[in-house]
Every structure is written in C-alpha cells, then in structure tokens.
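As structure tokens, the structure follows; a few thoughts come after it.
The values are calculated or read from the model by the stated rules, or taken from the named source; none is laboratory data. Given the structure is predicted, the values throughout are model-derived calculations rather than measurements. Because the Cβ atoms are built from the backbone with ideal geometry, glycine has one as well, and the counts that use them run over all protein chains shown. Each accessible area value is taken on the protein alone, full model and side chains, heavy atoms only, with ligands, DNA and RNA left out. Shrake-Rupley method; radii C 1.70, N 1.55, O 1.52, S 1.80 Å.
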Amino acid sequence: MNRLSDRLNSLSPSATLAMSQKSAELKAAGVDVINLSVGEPDFFTPDHIKEAAKRAIDENFSFYSPVPGYMSLRKAIAEKLKRENGLDYAPEQIVCGNGAKQAVCNVLLCVAGPGDEVIIPAPCWVSYVEMVKLAEAQSVIIPTGIEQDFKLTPAQLEAAITPRTKVLMLCSPSNPTGSVYSREELEALAAVLAKYPDIIVISDEIYEHVNYVGSHCSIASQPGMIERTALINGVSKAYAMTGWRLGFVAAPLWIAKACSKLQGQYTSGPSSIAQKAAEAAFSGDQACVEEMRRAFERRRDLMFGLLDKIPGLELRLPHGAFYLFPKCSSYFGKRAGDRVIASSSDLALYLLEEAHVAAVAGDAFCAPDYIRFSYAAADDQLVEAARRVAAALAKLA
Ligand code: PMP
Ligand code: GLU
C-alpha cells in the first residue's frame, strides 16, 4: 500500500546521507570501508565550545528558546557578519534553525511555491532540488562544466531568467565542486540581477571558512543585494559541529519573520544547548577555524596529487570546501567481468564493493559525469583510499 502524499513520493532520499549510512553498515559488518562520502570535518568540536555547552546544561538552559534563537546568539551572529563580512544585520533579521539545511529549506518554503522557478547552477548540493520539490516550485537547473570552473556566467543567468523566476540559489565555496566565486564574478552576476529586482538570492555560505584563495565574498555585499539576499551559514563546517545542528539565515526582515513563523509551527527554536555552544563558537577565539582550514588545504593537495595521477579521471584543483569532483565519464561503458559501468552511480557502487571506498555519484548533484570524494579524512585514509580507487579503476576495461 502506498498512501503517501504526492509530495513525499516525488522526493528522493539524500544521496550523501544514504551513502554514508551504507558505508556505516558495511563497517559494522566488519568490512574495512573508507568513508569519503559524507562531507563533514573529521575533527572534534573545539574544547572552548564544548565547555560552553556543558555550562549551558549546568545553568539550566533547558527550556524552549525563542523560535529564531536566543537574542544573545543572534547578536553574536550579527557581530560575526559585521566583523568577517562587513555586513550590517540587526539581530531581528537572523533566524537560527537546525543546521544550514533547515535554514535553506525555511527560505525556500517561505518564498517559493507552485508556479515559481528556482534557478540552480549545477553541479549543486543534493538537497536543493529536493527542497524545491517540497516547496512545489520548479527547479531550473543550469549546467556548468569543469571547463568553466563550474561557475554560472552572467550570460547563463540572464538566459535562465523568466517572469516566473523567484529565486537564484548560489553556493560559494561550492559543494560539490569546491569552486569559489570571486568578488568580480559576483559583481557581474549582481549586475544582471540589478535588472530583475524581484529575484531573491539564497546564498549558501556554509563553507565560508574552508577557502584556499583568500577572503570570502558574499553576494550580499554587492550594491542593492542585501535587501534581497538570504544569507545562509552555520557552525557545521567551520567549527566541526555537524551533529550539533545549528545554522542560520540572515535576511531582509520580511523573510526572517516568515522563517520564524514557519519554524514556529514545525520545529520551534533549535536546541538550547547547541545555541549556547554556537554562541561560543561565533564570539570566541577563531584560531581553531584557521587550524582546520590549513589541515583541509594540506589534504586537498595530498588527495589532488593522488587522484590526478589516475588515468581517466579529469580533475580541477578546487579552491574551497573539502571535496574533489573528478569527471569520470571516460569509464562509462567499461566493464569488470560481467559488470558494466553505465553511470556515476554504477561507478560509486563499484568503488564501494570493489575498493571499499565510499564516494557519492555525480547524479545526485545534477552532474552525471562526475563523482565526489570528500577529503575531510585522515591522511593515511586518503592515501589508502586513492591506492584502492586506482587499483579498482585499473581493472575496468
Ligand atoms: N549547504 C551545503 C552546501 C552543504 O554541503 C551542507 C551540508 N552539511 C549544508 C548546507 C547543511 O549544513 P548543516 O549541517 O549546517 O545543516
Ligand atoms: N553537506 C554534507 C554533504 O554534502 C553533509 C550531508 C548532507 O547533509 O547532505 O555530504
């Protein structure tokens, strides 16, 4: 019997979480799997943040918080946005939720609905298209390839805009490509948007601090853009806090108010303890952020060097986030025994079974010719994973 709603039936499960789950199951069954599927820092949450959470428990932060989060946390976020991004937000414009994931979904549900189009440059993070489905709006996927550094050009943006366009999704640094939009590139996109003042931009900046090319730039800093940008960020990546589930949107008041209203009906404010931990993260010593960034940069260079040597994989050095996203379509049509590799999903499954390395197929990122490896793992794991991937791919003929 399937009595599920059409909305649910149309939804795909999260491929990143599914692959991670699969590799955890194999691990539990005794298989030595190296999990490069899910994107999360392998570091522990820094001690001063954990201490703040412990204090919050002892000080009885055990009651419902305001729906958009404690005022003290929203003030700390407003200060962060001023200090690091040069952006002026009042705390009232900030709504905290259960991760950047909920923050993105809140905004989409608040502003997009049936008949609306949401422009999504691809490759894109797995959840955007599915969230647009939840909103019952229409995704307009704009493919960008390795030859254009996976970045949306102003001409592509202009060509994709229709009278129904409601939202442009941007993600920089990008998951899964690691591309980072420069100030000039954002300026050029903003110049196109200036002609279409009703389009809202959702700017997902969760990888802000995992950046290897210098300072982060938000499209919200472009003239006229702060009035129609919903800036998304959180603590998952910068502070190694994926499990704490704390993210936020900073947006024009009318969007922030709407997100609060929505969230008040289905999850309320996020965890009180996670909020106090996040407050310590945003307002405390930032040395841990730079330490982890440097570690990711070193691992990027290590893993890039190893995968770039494998014949048939085409790579570009990513400038941010912690993923390598090689083009792997040269393997399509090849076989190992009876097994034919027809797609990136086949290849990801083959690598899991043959090499015991978990990666995520590009299909899930609207980029079927590619495959994603997270390098947020220990050096020896990366070296061993690359060795296994090379050996497994060498068997395909
Ligand atoms: N946006 C992007 C691009 C991501 O990769 C992720 C994955 N964590 C998120 C948002 C959600 O992050 P969070 O853990 O804060 O929900
Ligand atoms: N964003 C991470 C990833 O892409 C975490 C998993 C998820 O939420 O999708 O792997």
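For residue 261, go through the aspartates and glutamates and keep the ones whose alpha-carbon is under 16 Å away, minus same-chain ones fewer than eight residues off.
92
Mind checking which of 315, 337, 302 is farthest towards the positive end of segment 291-337's charge dipole, using Cβ charges of +1 (Lys, Arg) and -1 (Asp, Glu) about the Cα centre?
337
What ranking, highest mean first, results for peptides 169-178, 319-328, 334-343 when packing means the other Cβ atoms within 10 Å averaged over each residue?
169-178, 319-328, 334-343
Convert each backbone phi in segment 235-245 into a coupling constant with the Karplus relation 6.51 cos²θ - 1.76 cosθ + 1.60 (shift: θ = phi - 60°), then list the ³J(HN,Hα) values in order as whole Hz, x for Gly and Pro.
These are the phi-based 3J(HN,Hα) values: 9, 4, 8, 5, 10, 6, 10, 4, x, 6, 6 Hz.
Placing +1 at every Lys and Arg Cβ and -1 at every Asp and Glu Cβ, with all other atoms neutral, what dipole size does segment 103-217 have around its Cα centre, in debye to the nearest 20? Kindly include the intermediate steps, with their values, before the conclusion.
Values: 6 positive and 14 negative charges, 34 e Å.
Approximately 160 debye in magnitude.
Tell me the label-point distance for the pair residue 298, residue 380, using the 7 Å Cα-to-Cβ offset, in nm and rounded to one decimal.
Going from the residue 298 label point to the residue 380 one covers 1.5 nm.
Name all residues of segment 320-356 having a backbone nitrogen under 19 Å from the label point set 7 Å from the Cα of residue 28 along its Cα→Cβ direction, giving them as ranges.
Backbone N within reach: 353.
Step by step: find N for the chain, compute 2.2 N^0.38 Å, then divide the Cα radius of gyration by it. What's the final number?
Rounded to two decimals, the normalised Rg is 0.98.
Take the chain, connect every pair of alpha-carbon atoms lying under 10 Å apart with a spring to form a Gaussian network, then pick out the residue of 214, 362, 69 with the largest mean-square fluctuation.
214
Highest mean first, how do 185-193, 111-119, 141-149 rank when packing is the count of other Cβ atoms within 10 Å averaged over residues? Write out the running numbers ahead of the final one.
Values: 185-193: 19.4, 111-119: 17.7, 141-149: 15.4.
Per-residue mean Cβ counts within 10 Å order the peptides as 185-193, 111-119, 141-149.
Take residue 391 and residue 136, extend 7 Å from each Cα along the Cα→Cβ direction, and tell me the distance between the two endpoints in nm.
Once both label points are built, they end up 5.3 nm from each other.
With the calculation restricted to Cα positions, what are the radius of gyration and Dmax of segment 85-148 in angstrom?
Every Cα atom of segment 85-148 included, Rg and Dmax give 14.1, 42 Å.
What does the extension gain come out to for residue 342 and residue 267, with contour length at 0.36 nm per residue minus their alpha carbon separation?
Roughly 22.9 nm would be gained on extension.
Along Cα→Cβ, 7 Å out, is where each label goes; now give me the distance between the ones at residue 12 and residue 147 in nm to one decimal.
Distance between label points: 2.5 nm.
For segment 115-189 and segment 344-392, compute the distance between their C-alpha centroids and round to whole Å.
25
Rounded to the nearest whole Å³, what is the per residue volume of the convex hull around the Cα atoms of segment 320-381?
Normalising the Cα hull of segment 320-381 by residue number yields 88 Å³.
Could you pull out the pairs from 50/166; 22/276; 54/237; 257/327; 22/257 whose alpha carbons sit more than 31 Å apart here?
Distance filter (> 31 Å) returns 50/166; 22/276; 257/327; 22/257.
Under 5 Å between amide hydrogens, which residues at least 5 positions from residue 144 or on another chain qualify, with H placed 1.01 Å from N in the peptide plane?
122
For a paramagnetic label modelled at 7 Å from the Cα of residue 5 toward its Cβ, which residues of segment 117-142 fall within the zone defined by backbone nitrogen distances under 11 Å?
Once the point is set 7 Å along Cα→Cβ of residue 5, 134-136 turn out to lie under 11 Å by backbone N, inside segment 117-142.
Calculate, axis by axis, the spread of Cα positions in segment 192-276 along the three principal axes, and write the results as whole Å, longest axis first.
So the three principal-axis extents are 43, 37, 15 Å.
Charges at C-beta only: +1 for Lys and Arg, -1 for Asp and Glu. How large is the resulting dipole of the chain about its Cα centre, in Debye rounded to 20?
It works out to roughly 480 debye.
Heavy atoms only, probe 1.4 angstrom, no DNA, RNA or ligands counted: give me 395, 276 ranked by accessible area, highest first.
Solvent-accessible surface, decreasing: 395, 276.
For helix 15-28, report the angle its Cα long axis makes with the longest principal axis of the Cα atoms of the chain; keep it between 0 and 90° and round to the nearest 10°.
So the helix axis and the longest Cα principal axis differ by about 60 degrees.
Please get the size of the charge dipole for segment 196-300, origin at its Cα centre, with Cβ charges of +1 on Lys and Arg and -1 on Asp and Glu, quoted in debye to the nearest 20.
280
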